[in-house]
Ligand SMILES: [Zn+2]
């Protein structure tokens, strides 16, 4: 029997069936419809898994966007979901529906596990993993083990008097260097007439702006905006490097696809700010697990039966 992986997001639920070696056999995606509440969303997850694995599955790894307890299988706080899912017994409800063990993990941590088992972790046992998308999250792998309580990389203070964050603090990394932060700045620059090439590329539709299009355009103001965000990100990464001294920093998620315009200033900023030990051997690389890191992490979590 195959393993199942589900990545629960605020907008979509992605599910896959696969094998312990990371082979994905079947996958599908549906809208989350989070306004219907936890019971309904969990029912839809079970329906989705059953639709791609009618023969049943051995175990399910489920990534959730927020805090959860791996041992009890409860969600604790999903900040972007209505009702915020405090104390929802997600694992037991899904176990009854799917008749298999179910394991919960924070989604960024689950992607880190995917990188550990199917990506850079094959040859590196100490690395920091950053997911750079709508939010910024990540995980730390030390001596080949993922730290379950991995902290929240996106909510470290970068600008002490910066804008107010949803977490209650100010100037968090996520406000300065996430995909929405970059896109908002690009839209402002297009409206101000400072990004004519990008405006052409989105064919006048401001909603089509993406970090990838920004990285490809020829506007100096956009290049400066990317550089500024990348340097904030570099400060955040330098803080994590100084704290944990990993051999490798892995960047995953939509922003990591921007390539050199993101990586070059990040690398420069890290080497300028990590001064306590040499960083000439520190590598900062894109994810090998790629966009599938989360789904692969769910397969790993199912295969490991929650032992990480
Ligand atoms: Zn914050």
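The values are calculated or read from the model by the stated rules, or taken from the named source; none is laboratory data. Only a predicted model underlies this, so the values are computations on that prediction, with no experimental measurement involved. Here the Cβ positions follow ideal geometry from the backbone for every residue, glycine too, while neighbour counts run over all protein chains shown.
If you check every pair at least six apart or on different chains, which have Cβ atoms under 6 Å apart with a residue in the range 199-222 that is within 18 Å of residue 177 (Cα to Cα) first and a residue that is outside any helix (DSSP H, G or I) second? Listed by first residue and then by second, the contacts come to 209/202; 221/194; 221/195; 222/195.
To keep it simple, each residue is scored yes or no on (1) in contact with a helix residue (DSSP H, G or I) (Cβ under 9 Å, 6 or more places away or on another chain); (2) under 29 Å from residue 151 (Cα atoms); (3) at pLDDT 95 or above; (4) part of a helix (DSSP H, G or I).
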| residue | (1), (2), (3), (4) |
| --- | --- |
| 185 | yes, yes, yes, yes |
| 190 | yes, no, yes, yes |
| 194 | yes, no, yes, no |
| 197 | yes, no, yes, yes |
| 200 | no, no, yes, yes |
| 203 | no, no, yes, no |
| 214 | yes, no, yes, yes |
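No other residue among 154, 138 is more than 11 Å from the ligand (Cβ to nearest atom), under 28 Å from residue 281 (Cβ atoms) and in the same structural domain as residue 240 (by TED's automatic domain parsing) apart from 138.
Of all the numbered requirements in (1) over 17 Å from residue 272 (Cβ atoms); (2) in a helix (DSSP H, G or I); (3) under 24 Å from the mean Cα position of the chain (by Cα), residue 235 misses one, and that requirement is (1).
Okay, residues lined up against (1) at pLDDT 95 or above; (2) not assigned by TED's automatic domain parsing to the domain that holds residue 254:
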| position | (1), (2) |
| --- | --- |
| 54 | yes, yes |
| 67 | no, yes |
| 78 | no, yes |
| 91 | yes, yes |
| 95 | yes, yes |
| 101 | yes, yes |
| 142 | yes, no |
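Does the range 179-201 contain any residue that is in contact with a strand residue (DSSP E or B) (Cβ under 9 Å, 6 or more places away or on another chain) and within 16 Å of the ligand (Cβ to nearest atom)? Yes, the range 179-201 contains at least one residue that is in contact with a strand residue (DSSP E or B) (Cβ under 9 Å, 6 or more places away or on another chain) and within 16 Å of the ligand (Cβ to nearest atom).
Annotation: of all residues in the range 141-151 being in contact (Cβ under 8 Å) with a residue 24 or more places away in the chain and part of a loop (DSSP other than H, G, I, E, B), the one that is nearest to the ligand (Cβ to nearest atom) is 150.
Looking across the range 82-135, just one residue is under 13 Å from residue 68 (Cα atoms), outside any helix (DSSP H, G or I) and under 12 Å from the mean Cα position of the chain (by Cα), and that is 106.
Being at pLDDT below 95, outside any helix (DSSP H, G or I) and out of contact with any helix residue (DSSP H, G or I) (no Cβ under 8 Å at 6 or more places or on another chain) is a property that residue 291 lacks.
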